[in-house]
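What follows is a single structure, written as structure tokens, with notes after it.
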Amino acid sequence: MIRWITFGSILCFLTAVSPAGLLAQFNPYGNGANANGPGADPRMRRAWREQAVAKVGPSARNLVETYGDDAVAAIFACSRPVGLKLAEFHNSGEMAMLARPHDLLWVVAQPGCGDDVAVWAMHHHHELGDVDNFNAYVLNPLEYSLGLKPLAAGAAEARARRLNQAVMTGTAWGASLSPDQKLAIAGGAGLAVIGGIILWRRRQSAIG
């Protein structure tokens, strides 16, 4: 009974609010907060999902329910034909080949991105399965979707940043150790080496 009451409330809301009015209210990332934040109204979020499906068609249901608010934001940022292509892209299983599908949808939803960013990503989804390629693309999507920069160049920069970060993290971890901790680690390593030598000599003696 509660489920039917809730569903009826959603239908009433969608009927009472025009699509233009609903789009005007839709702002999942407004004020720096994600739509999944504690202040988001669950009924409003459900209404947005239903409106996104209504905009594109039933084929968008799986995309919307799988990726939630990120999918809704992306659909509203795109034209209906591109939103339909996004739904088909997901339903074909090709979206799952991306390094981080949620992040792509979030980027598509950003102001000025929309169709250009979504279409380019769908046409180059094999390349975006690589983490460095993907990281480069979502950092500056219009640079690549508008042909201002080759993805390979951005991927090389992303790879360098990733490797540098890994080195810095390792260095920071070593620097955070106290002298006693470093001595204990060195002592443990030394004992392991000595133990290995003793074990090897015993085995050699047994063989001899």
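Quick one: would you say G147 is assigned by TED's automatic domain parsing to the domain that holds C78, under 28 Å from V72 (Cβ atoms) and surrounded by fewer than 14 Cβ atoms within 10 Å (Cβ to Cβ)?
no
Can you name the residue in the stretch 44-98 that is closer than 15 Å to A121 by Cβ and β-branched (V, I, T) and, of all such residues, is surrounded by the fewest Cβ atoms within 10 Å (Cβ to Cβ)?
Only one residue tops the list, namely V82.
Looking only at the stretch 135-157, filter to residues that are assigned to a helix (DSSP H, G or I) and of a type in the set (S, T, N, Q); which one of those is farthest from D69 (Cα to Cα)?
Result: S145.
The values are calculated or read from the model by the stated rules, or taken from the named source; none is laboratory data. Worth saying up front: this structure is predicted, and the values here are computed from it rather than measured. Cβ coordinates were reconstructed from backbone atoms using ideal geometry, including for glycine residues, and neighbour counts include every protein chain displayed.
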